[in-house]
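Read through the structure below, which is laid out as structure tokens, and then see the notes.
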Amino acid sequence: MTKLPTDSNQPLSLIYLDANATTQVLPQAAAAALTTMETIFGNPSSSHVTGLQAKQIMDNTREQAKRIVGAGAGKIIFTSGATEGIQTAILSALTSAKKNLDNPLVKDKNYCLLYGATEHKAVPESLKHWNEILEINATVKAIPVDEMGRLDMDFIAAEVPNALMICTMAVNNETGVYQDINLLDNTIRANNPNVAWMVDCVQALGKTTVNLCETSIDYAPFSGHKLYAPKGIGFMYVKENSAFTPFIAGGGQESGLRSGTENLPGLAALSVIFDMLLGKGDTCFATVNTLDLYRQQMVSALTQAFPEIVFNNSFENSVATTINFAIPGFSSKEIMDLFDAANIRVSSGSACSSKVTRSFVLDAMGLPAWQSESAIRMSFGPAMTQAQIDLACNRIISTAQALQQSCLIIDKQNTSTNTAVDKTELDGLLQFKVGGSCSWLYVDKASNSAVIIDPLPEVSDRLQTLLTCQGLNLVAIIDTHGHADHKSCRDSIVNTRLTEQASDALGWPEDTQNITINDRDYQYILLGKKWLIKAATPGHTDDSISLILSEPLKNSADSLLVHYAFCGDLILMDSLGRTNFPTSSAPAMFASLQLLSDLIGTQSLICPSHDYNNEFTTSISAEMSRNLLLKQVINNEITPAKFSTHKYTMDKKIIDESGSEIMCGAIIGACDNKPVDEYDSASLAEAMKSSNTIKLIDIREPHEYALQHDDNFATNVPLTRLVQYVQEHKQEKQEKLVLVCRSGSRSQLAAQALSRLGFKQVGHLKGGYALHHY
Ligand code: PLP
């Protein structure tokens with residue numbers, strides 16, 4: 001494998017581009033915190049000298065904070081972080097509102113609580129929480145934003161007269177989009193002079209100017225750990241005379257506004273950061289102009305690396321330190337894995353919903369679903385340096401080269417000369433999964449030909465790119481049946497690659513050859529020396545077919561070596577395809593199951609068109625051990641009529657998840673994941689010391705592996721090629737295997753799959769490379 005031009009053969013240095021999540025503590029701030037832990041460790045409430053010294057640090061930090069945020073006559077209260085500040089502001093505003101609501105004149109009005117639709121979750125969740133706890137029963141309403149993330153002023157003007165509180169944010173954490181505070185101020189106050197207004201300023205500090213006393217903002221929470229101070233320290237601004245209710249009562253610290261002994265180490269660190277913001281001492285903070293230049297450089301590196309990139313935030317109205325983008329054809333998880341392999345930390349900027357990760361912020365901005373599902377956020381802070389930006393840009397180019405090497409993107413500038421990166425040649429079976437569905441690509445390298453089975457629209461571009469990049473001749477693209485839950489993308493690929501080929505409705509070519517197996521005739525097409533045999537296997541639908549990839553031994557059809565059986569929805573992992581569609585037939589499925597078993601035997605690998613439980617592949621024998629009905633069919637222990645009755649009852653249980661994926665098979669039992677051995681760094685080292693037969697398998701994708709790996713540590717078997725590994729290592733099921741990946745989740749799935757398929761000694765490294773240093 002070609003070495004990519006990443007920094008060196010040494011472990012790659014860390015490039016941290018996730019400052020909006022949190023930042024490292026700067027050494028000067030850490031040193032100040034340490035001094036307050038070891039030397040000036042007093043309690044600011046103590047009246048002795050050590051206490052007075054501590055109090056001085058606290059008072060000084062408060063004065064600095066006032067200057068930095070332009071607090072004027074407003075108060076600064078130290079908190080544990082912004083979430084506490086948000087609670088305090090909301091509790092204060094709603095407690096005060098509640099008192100007024102007790103007035104019978106206003107009691108029955110239809111009140112609302114307003115918040116920006118792209119607000120950090122801490123805001124709507126706290127609003128709902130205190131609305132319920134305080135029994136205010138106002139309607140909690142999200143203020144819509146436009147496609148640039150700007151709040152809808154007309155909505156505010158219309159709704160704010162009935163609002164008990166309005167919560168907005170200065171700078172968005174996912175997109176860096178800032179709001180026009182003056183415009184907001186005017187709109188709010190023109191329509192409701194007294195409503196309590198909170199502005200979440202967490203992501204604004206150090207990135208844009210904040211001058212609170214010039215506004216009518218009542219509350220503004222801030223957080224230390226977003227700007228190089230430790231976690232656990234924050235502060236909030238409260239306008240003079242704005243309502244206030246302590247969130248934490250107790251010893252009366254912070255003038256009774258927030259009890260609890262103050263976090264002096266945090267305050268000392270914050271004080272150092274404040275000095276830097278004020279341009280004092282050895283400040284290392286870049287100016288807003290410099291940050292802007294950094295963004296330009298990053299954007300141009302990203303565009304060079306991924307020419308198709310789409311930016312999700314408009315740079316016109318966002319701070320320079322946040323770049324949010326999507327790369328067509330790649331999920332955010334794939335890009336996260338890729339960047340993590342290159343030791344670049346970014347964030348997917350998304351919350352995990354039931355199936356796909358997507359960003360509610362980008363959804364609120366009305367961006368297309370794919371941009372929301374593929375969103376990546378890169379963020380840095382004012383301590384960023386030119387050297388770090390240069391390194392980041394170079395490393396980003398390396399990640400693109402790794403994708404080119406894997407043929408997942410094509411370097412359009414270099415295709416003619418093709419000098420840039422050596423491509424890894426494909427040979428064998430690749431599995432592409434989208435949610436619970438699968439597409440399969442089989443490549444026969446010797447004949448330079450390929451076949452695609454059950455092509456999903458989401459992988460259409462990827463399949464096309466792979467074919468082009470590998471220079472493969474597509475022999476056929478076939479669906480195993482007309483899918484009810486998704487549209488096949490066969491036509492789009494046929495239209496560009498197989499224009500000359502006549503085929504039936506599922507893509508089976510007209511020009512085929514025939515063989516006789518067990519007295520029945522079957523058609524087959526050639527893939528180099530391999531045969532792809534078609535067997536009609538109706539049941540799930542009347543058009544269902546199974547495609548059997550096999551090799552004639554001794555050049556004779558009498559002895560076929562079956563590699564894989566692509567059986568659509570006939571047999572699924574832990575289930576059988578449903579038979580309650582209009583064209584389904586349970587008796588036909590009974591016959592099809594017996595036919596398939598006769599053709600491929602019980603040990604051949606089955607590659608269905610669904611994999612709901614991340615099991616990758618199966619065999620009739622593996623299914624018979626947990627699927628009694630299938631076992632009875634194969635062993636002829638049940639009649640077709642009885643099978644149909646059972647099947648009818650099972651199919652009735654299938655829940656159609658309307659609007660999402662239709663479950664294509666009746667789930668028979670709960671997923672029976674076998675426990676596999678789990679290693680940590682120490683137990684793996686110990687196991688390797690006592691046995692030299694342990695085989696370590698890195699199951700990350702080839703582009704991740706190419707970016708950083710140690711040949712002496714593990715060999716690469718990508719998860720997309722796990723099925724091929726199973727096929728090629730059928731005879732080696734006694735081997736001691738330990739699987740490893742980035743975080744331990746892919747390795748766990750793969751280990752469980754191997755164990756279920758009869759691999760006897762398989763384990764995985766819990767926590768993956770993230771927790772294990774080799
Ligand atoms: N508000 C915004 C905009 C944020 O980005 C965050 C942190 O992610 C918070 C609030 C919560 O801050 P903290 O972690 O200090 O509680």
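The set of residues from region 424-458 being in contact (Cβ under 8 Å) with a residue 60 or more places away in the chain, closer than 22 Å to SER503 by Cα and among the β-branched types (Val, Ile, Thr) comprises VAL451, ILE453.
Tell me yes or no: at least one residue of region 236-253 is buried (at least 19 other Cβ atoms within 10 Å of the Cβ) and of a type in the set (D, E, K, R). Among the residues of region 236-253, at least one is buried (at least 19 other Cβ atoms within 10 Å of the Cβ) and of a type in the set (D, E, K, R), which makes the answer yes.
Consider region 670-723 and keep the residues that are in contact (Cβ under 8 Å) with a residue 24 or more places away in the chain and small (Gly, Ala, Ser). The one that is surrounded by the fewest Cβ atoms within 10 Å (Cβ to Cβ) is SER691.
Selection over region 724-737 of residues that are without any contact (Cβ under 8 Å) to a residue 60 or more places away in the chain and not acidic (Asp, Glu) gives a count of 7.
Output the residues belonging to region 207-251 that are in a loop (DSSP other than H, G, I, E, B) and small (Gly, Ala, Ser). Of everything in region 207-251, those that are in a loop (DSSP other than H, G, I, E, B) and small (Gly, Ala, Ser) turn out to be SER216, GLY224, ALA229, GLY232, SER242, ALA243, ALA249, GLY250, GLY251. Restricting attention to region 438-476 and to residues that are in contact with a His (Cβ under 9 Å, 6 or more places away or on another chain) and closer than 12 Å to CYS607 by Cβ, the residue that is surrounded by the fewest Cβ atoms within 10 Å (Cβ to Cβ) turns out to be CYS438.
Scanning region 478-502 for residues that are surrounded by 12 or more Cβ atoms within 10 Å (Cβ to Cβ), among the hydrophobic types (A, V, I, L, M, F, W, C) and at pLDDT below 95 yields ALA484, CYS489, ILE493, VAL494, LEU498.
Selection of region 148-180 for residues being in a strand (DSSP E or B) and either over 30 Å from VAL346 (Cβ atoms) or of a type in the set (Asp, Glu) (or both) yields ALA163, LEU164, MET165, ILE166. Just one of the listed residues (CYS201, CYS213, CYS167) is more than 16 Å from the ligand (Cβ to nearest atom) and within 30 Å of VAL25 (Cβ to Cβ), and it is CYS213.
Looking only at residues of region 606-653 that are of a type in the set (Asp, Glu) and outside any helix (DSSP H, G or I), we find that the one that is surrounded by the fewest Cβ atoms within 10 Å (Cβ to Cβ) is GLU637.
Return the residue satisfying two criteria in turn: it lies in region 113-144 and is farther than 22 Å from PHE247 by Cα and not hydroxyl-bearing (Ser, Thr, Tyr), and of such residues it is surrounded by the fewest Cβ atoms within 10 Å (Cβ to Cβ). If we take residues in region 113-144 being farther than 22 Å from PHE247 by Cα and not hydroxyl-bearing (Ser, Thr, Tyr), then ALA142 is surrounded by the fewest Cβ atoms within 10 Å (Cβ to Cβ).
Here THR118 meets the list (1) more than 27 Å from the chain's Cα centre (by Cα); (2) within 16 Å of the ligand (Cβ to nearest atom) almost entirely, failing just condition (1). So which residues in region 40-70 are under 15 Å from VAL272 (Cβ atoms) and outside any helix (DSSP H, G or I), if there are any at all? Answer for region 40-70, where residues must be under 15 Å from VAL272 (Cβ atoms) and outside any helix (DSSP H, G or I): just ILE40. Of all residues in region 66-88 being touching a Ser or Thr at 6+ places or on another chain (Cβ under 9 Å) and of a type in the set (Ser, Thr, Tyr), which is surrounded by the fewest Cβ atoms within 10 Å (Cβ to Cβ)? For region 66-88, the residue satisfying everything is THR83. Evaluating ASP275 against the criteria (1) part of a loop (DSSP other than H, G, I, E, B); (2) crowded, with 16+ Cβ neighbours inside 10 Å; (3) more than 16 Å from the ligand (Cβ to nearest atom) leaves one unmet condition, (1). If we scan region 380-401, do we find a residue that is within 23 Å of the chain's Cα centre (by Cα), without any contact (Cβ under 8 Å) to a residue 60 or more places away in the chain and not in a strand (DSSP E or B)? Checked against the condition, which is being within 23 Å of the chain's Cα centre (by Cα), without any contact (Cβ under 8 Å) to a residue 60 or more places away in the chain and not in a strand (DSSP E or B), region 380-401 yields no hits at all. Regarding ALA196, is this residue more than 16 Å from the ligand (Cβ to nearest atom) and touching a residue at least 12 places away in the same chain (Cβ under 8 Å)? Here the answer is yes, as ALA196 does meet what is asked. What is the number of the single condition among (1) in contact with a Leu (Cβ under 7 Å, 6 or more places away or on another chain); (2) away from the ligand (no atom under 15 Å from the Cβ) that GLN179 does not meet? Evaluating GLN179 over (1) in contact with a Leu (Cβ under 7 Å, 6 or more places away or on another chain); (2) away from the ligand (no atom under 15 Å from the Cβ) leaves (2) as the failure. When ARG258 is tested against the conditions (1) in contact with a strand residue (DSSP E or B) (Cβ under 8 Å, 6 or more places away or on another chain); (2) within 17 Å of ALA31 (Cβ to Cβ), the lone failure is (2). For region 216-231, the set of residues classified as within 9 Å of the ligand (Cβ to nearest atom) and surrounded by fewer than 24 Cβ atoms within 10 Å (Cβ to Cβ) consists of HIS225, LYS231, listed by residue number.
Of all the residues that make up region 503-534, how many are of a type outside the set (Lys, Arg), farther than 17 Å from ASP454 by Cα and surrounded by fewer than 12 Cβ atoms within 10 Å (Cβ to Cβ)? So the count comes out to 8.
When region 202-215 is examined, which residues are found to be within 20 Å of ASN172 (Cα to Cα) and either in contact (Cβ under 8 Å) with a residue 24 or more places away in the chain or touching a helix residue (DSSP H, G or I) at 6+ places or on another chain (Cβ under 7 Å) (or both)? Selection gives VAL202, GLN203, ALA204, LEU205, GLY206, LYS207, THR208, VAL210, ASN211, LEU212, THR215. Scanning region 489-543 for residues that are of a type in the set (A, V, I, L, M, F, W, C), under 37 Å from the mean Cα position of the chain (by Cα) and part of a loop (DSSP other than H, G, I, E, B) yields CYS489, LEU498, ALA505, LEU506, TRP508.
With respect to being away from the ligand (no atom under 16 Å from the Cβ) and more than 27 Å from the chain's Cα centre (by Cα), THR290 fits the description. Filtering region 53-111 to residues that are modelled with pLDDT of 95 or more, among the β-branched types (Val, Ile, Thr) and more than 16 Å from the ligand (Cβ to nearest atom) leaves ILE57, THR61, ILE68, THR95.
The values are calculated or read from the model by the stated rules, or taken from the named source; none is laboratory data. None of these values were measured; they are calculated from a predicted model. Here the Cβ is made from the backbone with ideal geometry for all residues, glycine too, and neighbour counts use every protein chain on show.
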